[in-house]
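One structure is given here, and the rest of the page talks about it.
Readers should treat all values here as calculations from the given coordinates under stated rules, not as data from a laboratory. Keep in mind that what you see is a predicted model, and the values were worked out from it rather than measured. Neighbour counts run over all protein chains shown; Cβ positions are idealised from the backbone, glycine included.
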Ligand code: SAM
């Protein structure tokens with residue numbers, strides 16, 4: 001297998017797939033008050049996703065992550081996982097979810113071939129959960145995390161987007177859970193993205209979070225097997241779990257970016273933070289053969305930007321985050 005390399009010699013081997021744009025939460029920084037979901041006919045079917053993954057795998061993609069919207073709202077998600085796990089060349093299938101429905105599906109997803117799961121959780125407080133997400137299912141998220149562990153979807157990683165003045169006072173409580181519960185917690189810098197209402201929140205730089213967590217003890221760099229993505233990992237004294245920082249704003253990792261993103265309506269997006277897209281759905285539905293699909297995937301790799309320019313105020317405006325999947 002030759003693999004996919006872009007002009008900057010980054011090896012592209014990871015495809016994030018948004019399987020739907022519906023969500024059972026309405027997070028203040030991710031969604032928008034005037035949310036309009038795509039008509040069902042615009043959303044790729046399992047068969048269409050499987051076909052694209054087959055072609056991408058033949059070109060060097062070996063890791064797939066399913067996201068959304070909320071991917072667990074797709075009632076036949078396990079069927080898709082099973083189909084993708086049988087695609088030659090795919091050796092890692094993971095899921096990003098808000099966890100609300102995870103206790104219902106964790107076991108069947110594991111049996112279908114899902115390897116691991118990331119759960120998005122921005123607060124440990126009921127009232128705040130309601131304010132941030134618009135929902136009141138914090139208990140279900142905790143149950144989902146527990147179910148994921150029991151099902152063996154390891155490592156379970158908890159992703160917290162840190163917003164100044166909204167939840168940044170909880171970073172220490174989350175970090176403490178890496179000791180008390182063995183959680184793998186990742187702190188994500190908020191990226192100003194999408195609508196003006198979503199962009200109104202303020203990023204807390206990793207360096208600031210790191211300094212705060214020193215009150216729990218010295219953070220030792222951890223080069224264990226908890227990830228090969230953009231996070232930098234540390235461990236607190238006595239912790240079974242790790243602490244990761246994803247610093248897209250203050251220390252971007254574009255030079256190591258190994259991913260492409262497929263939106264729920266079949267657009268291949270080379271960069272989360274750039275509006276360029278290649279229309280795979282149109283090609284698929286117009287009967288494109290494998291060579292044509294390969295050509296289009298390669299086109300996305302060719303136009304993949306060297307780095308994002310969010311810090312200079314260049315904000316992608318075409319889609320809100322819930323349509324891309326983070
Ligand atoms: N519903 C699923 C979930 O909650 O994990 C998957 C989709 S959600 C868009 C994926 C991730 O993107 C979540 O962890 C969410 O917190 C994160 N996210 C959304 N908007 C963001 C932003 N502006 N900056 C950083 N992360 C963001």
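With bins 5 Å wide beginning at 0, the percent of Cα pairs of region 91-224 falling in each bin runs 2, 10, 18, 21, 19, 16, 11, 4, 0. For the chain, adding -39500 (n - 2.57) for each run of n ≥ 4 DSSP H residues and dividing by the number of residues yields -9000 deg cm²/dmol at 222 nm. Treating the angle as unsigned and between 0 and 90°, give the value, to the nearest 10°, between the Cα long axis of helix 138-151 and the longest Cα principal axis of the chain. Result, in degrees: 70. When a/c is below 1.5 the answer is rounded, else prolate if a/b is larger than b/c, else oblate, so apply that to region 211-264 with a ≥ b ≥ c taken from the square roots of the Cα gyration tensor eigenvalues. Judged from the Cα gyration tensor, region 211-264 comes out prolate (a/c at least 1.5, a/b above b/c). Hey, if you drop one equal point scatterer on each alpha-carbon of region 200-326 and run the Debye formula without solvent, what base-10 log of I(q)/I(0) do you get at q = 0.16, 0.17 Å⁻¹? For region 200-326 at q = 0.16, 0.17 Å⁻¹, log10 I(q)/I(0) is -0.91, -0.98.
Full extension of the chain segment joining residue 294 with residue 275 gains 4.8 nm, where the gain is 0.36 nm per residue of separation less the Cα-Cα distance. With a ≥ b ≥ c the root eigenvalues of the C-alpha gyration tensor of region 13-58, is it rounded (a/c under 1.5), prolate (a/b larger than b/c) or oblate? Verdict is oblate for region 13-58. Distance from the Cα centroid of region 77-91 to that of region 110-189 is 26 Å (rounded to whole angstrom).
Each peptide among 316-325, 245-254 gets the average number of other Cβ atoms lying within 10 Å of its residues, and from highest to lowest they stand as 316-325, 245-254.
On the principal axes of its alpha carbon atoms, region 4-323 extends 58, 44, 41 Å, with the longest extent given first.
Among 12, 243, 166, the residue with the largest mean-square fluctuation in a Gaussian network model of the chain, with springs joining Cα atoms closer than 10 Å, is 166. Per-residue packing, averaged as other Cβ atoms within 10 Å, sorts the ranges 36-44, 278-286 into the order 278-286, 36-44, beginning with the highest. In terms of Cα atoms, the Rg and Dmax of region 44-126 work out to 13.2, 46 Å.
Computing FRET efficiency as 1/(1 + (r/R0)^6) for residue 197 and residue 38, where r is the C-beta to C-beta distance and R0 is 22 Å, gives about 0.60. Taking 0.36 nm per residue of separation and subtracting the Cα-Cα distance, full extension of the segment from residue 286 to residue 306 would add 4.1 nm. Determine the shape class of region 160-268: with a ≥ b ≥ c the square roots of the Cα gyration tensor eigenvalues, call it rounded for a/c under 1.5, and otherwise prolate if a/b is greater than b/c, oblate otherwise. Because a/c hits 1.5 or more and a/b fails to exceed b/c, region 160-268 counts as oblate.
Angle check, please: helix 171-180 long axis (alpha carbons) against the longest principal axis of the chain (alpha carbons), in degrees 0 to 90, nearest 10. Rounded to the nearest ten degrees, it is 90. Across region 1-107, Cα-Cα distances exceeding 17 Å account for 57% of all pairs.
Helix 102-112 and the longest principal axis of the C-alpha atoms of the chain enclose an angle of approximately 50°.
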